[in-house]
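Remarks on the structure that follows.
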Amino acid sequence: MSVPLVGQLDEARRFQLDLRPRAPVVRAAPPSSPDARPTAAVLLLSRSADLELGALQHILRQVGIPVVRLDADDLEALELSVDLAAGTVRLGAALFRPTVTWIRHFGGEALAGRHSAVRTRWRRESWSALPRQLACVSATLIGPSGPGAAEQLATATRLGIATPRTLITTCLADASALTGPKVVLKSLDRHFVESPPGILNGIFADVRERADLVRAGHRLDAPVLLQEYVEHDRELRVYHLAGELVAYQVDKRTPADPWRDTAGVRARLVEVPPAVGAATLALAREWGLVYAAFDFLVRAEEPVFLEANPDGDWRWLESGAGPVTRAAVRMIRARHAPETTVDVVTFLAGGDGRHGR
């Protein structure tokens, strides 16, 4: 029998998501001004396969908001200059001033190892460090990261929001300290491991019988989250976009279904329950998050907080330019040009927003 949770990385059971570009990446030229002054523009950093930012990029350009896209799988021979004093970014010959910088799924892990191991590591770490530095020249920074799992749960508990009892452990026999017949194992960090570059290997939450873990006494070579299983009435994913909330009820058989069995996942737009909305806003405010996807269980109308993902995808729940996409456009527009009178809602009514880069 494979080891719980980490057995998902065994060759026979491995789930992989290929994010490598299907065709040569064509970098869109940043906006430029004829008098060489920097143009105000929205800067999007992610991967070429990011459908969420692809839809936003299309809509923002259609309503007249300049957009620059920089993808982690498009960094070879890139000419980049950030002027901290002037607050500008130069890509090639084009100069712009970021009004909003949104960072999702951007990191040096996407770079191929074309040099020595030491030089490859340096390149990846340097590109991974770039996004945080852009906060110095951008009026608004969205992402790229938030608090870790333990800090999230500790904050929620301090604010009086229910959470599952949780251990961080390398010994799964510690499940004896929890209650109930079932437990949940989760990766302490991300739900994917990237190896090789552009290939994400899934490592999803694993629901197990508590007695089985105690009896087997598995020891792992890395720490994981071990949580009590919470019986619940429904599961909600709540998107927080600068104070605006959009909620979906998600029904699935296993935590991995959104990736492994998408046909078996049912999701519908719902009103945000008052208690869930209050918990979401309180946590986002506590962590200073402009955007994040929050996961809750609801039992007897009480929210139980699971986690918040600052990179949380939403297109898998939407058809076309749905409510989260529209809220994201409003969020960016309000920060790029608060005085604009562009009627984004009317524009979206005429198209589905499914266009990519």
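So that you can scan it fast, the table gives a plain yes or no per residue for (1) at pLDDT 95 or above; (2) hydroxyl-bearing (Ser, Thr, Tyr); (3) open to solvent by 20 Å² or more (accessible area, probe 1.4 Å):
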| site | (1), (2), (3) |
| --- | --- |
| Ser116 | no, yes, yes |
| Arg124 | no, no, yes |
| Ala156 | yes, no, no |
| Asp174 | yes, no, yes |
| Ala177 | yes, no, yes |
| Pro196 | no, no, yes |
| Ile203 | no, no, no |
Restricting attention to the range 225-235, which residues are of a type outside the set (S, T, N, Q) and either more than 20 Å from the chain's Cα centre (by Cα) or over 16 Å from Glu307 (Cα atoms) (or both)? Leu226, Glu228, Tyr229, Val230, Glu231, His232, Asp233, Arg234
Residue among Trp127, Trp122, Trp102 that alone is part of a helix (DSSP H, G or I), within 20 Å of the chain's Cα centre (by Cα) and of a type outside the set (D, E, K, R): Trp127
Somewhere in the range 144-156, is a residue farther than 30 Å from Thr88 by Cβ and assigned to a loop (DSSP other than H, G, I, E, B)? yes
Looking at the range 320-354, which of its residues are under 30 Å from Ser187 (Cβ atoms) and either open to solvent by 40 Å² or more (accessible area, probe 1.4 Å) or at pLDDT 95 or above (or both)? Pro323, Val324, Thr325, Ala327, Ala328, Met331
Considering each of Glu318, Glu286 in turn, give the residue that is free of Cβ contacts under 8 Å to residues at least 12 places away in the same chain and within 20 Å of the chain's Cα centre (by Cα). Glu318
Within the range 44-54, is even one residue open to solvent by 80 Å² or more (accessible area, probe 1.4 Å) and modelled with pLDDT under 90? no
Does the range 265-282 include one or more residues that are closer than 20 Å to Leu188 by Cβ and either in contact (Cβ under 8 Å) with a residue 12 or more places away in the chain or buried (at least 20 other Cβ atoms within 10 Å of the Cβ) (or both)? no
Would you please name the residue that is modelled with the lowest pLDDT, looking only at residues in the range 14-41 that are more than 30 Å from Ala337 (Cβ to Cβ), of a type in the set (D, E, K, R) and in contact with a strand residue (DSSP E or B) (Cβ under 9 Å, 6 or more places away or on another chain)? Arg14
Of everything in the range 176-217, what is over 29 Å from the mean Cα position of the chain (by Cα) and not in a loop (DSSP other than H, G, I, E, B)? Give them in sequence order. Ser176, Ala177, Glu209, Arg210, Ala211, Asp212, Leu213, Val214, Arg215, Ala216
Exclusive hit being within 26 Å of Ala242 (Cβ to Cβ) and among the small types (Gly, Ala, Ser), set Ala72, Ala93, Ala85: Ala72
Examine the range 89-104 for a residue that is buried (at least 20 other Cβ atoms within 10 Å of the Cβ), of a type in the set (A, V, I, L, M) and either under 25 Å from Leu283 (Cα atoms) or free of Cβ contacts under 8 Å to residues at least 24 places away in the same chain (or both), and state whether such a residue exists. yes
Pairs, first in contact (Cβ under 8 Å) with a residue 12 or more places away in the chain and within 20 Å of Leu43 (Cβ to Cβ) in the range 106-134, second open to solvent by less than 40 Å² (accessible area, probe 1.4 Å) and hydroxyl-bearing (Ser, Thr, Tyr), C-beta under 6 Å, six or more apart: Phe106/Ser46; Leu134/Thr101
Report yes if Gly217 is touching a residue at least 24 places away in the same chain (Cβ under 8 Å) and at positive phi, otherwise no. yes
Positions within the range 55-73 being in contact with a helix residue (DSSP H, G or I) (Cβ under 9 Å, 6 or more places away or on another chain) and either part of a loop (DSSP other than H, G, I, E, B) or exposed (fewer than 14 other Cβ atoms within 10 Å of the Cβ) (or both), in sequence order: Val63, Ile65, Pro66, Ala72, Asp73
Among the residues listed as Val184, Val137, the single one being among the β-branched types (Val, Ile, Thr), within 24 Å of Trp314 (Cβ to Cβ) and open to solvent by less than 50 Å² (accessible area, probe 1.4 Å): Val184
Only residues in the range 146-161 that are in contact (Cβ under 8 Å) with a residue 60 or more places away in the chain and over 17 Å from Val276 (Cβ atoms) count as the first member; pair them with residues that are open to solvent by less than 30 Å² (accessible area, probe 1.4 Å) and among the small types (Gly, Ala, Ser), Cβ under 7 angstrom, at least 6 apart or cross-chain, and list the lot. Gly146/Ala292; Gly146/Ala308
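The values are calculated or read from the model by the stated rules, or taken from the named source; none is laboratory data. Computed from a prediction, not measured in an experiment: that's the story for all the values here. FYI the Cβ positions are ideal-geometry reconstructions off the backbone, even for glycines, and counts take in every protein chain you see. The protein model used for the area step is the full one, side chains on, heavy atoms only, and it has no ligands, DNA or RNA in it. Shrake-Rupley method; radii C 1.70, N 1.55, O 1.52, S 1.80 Å.
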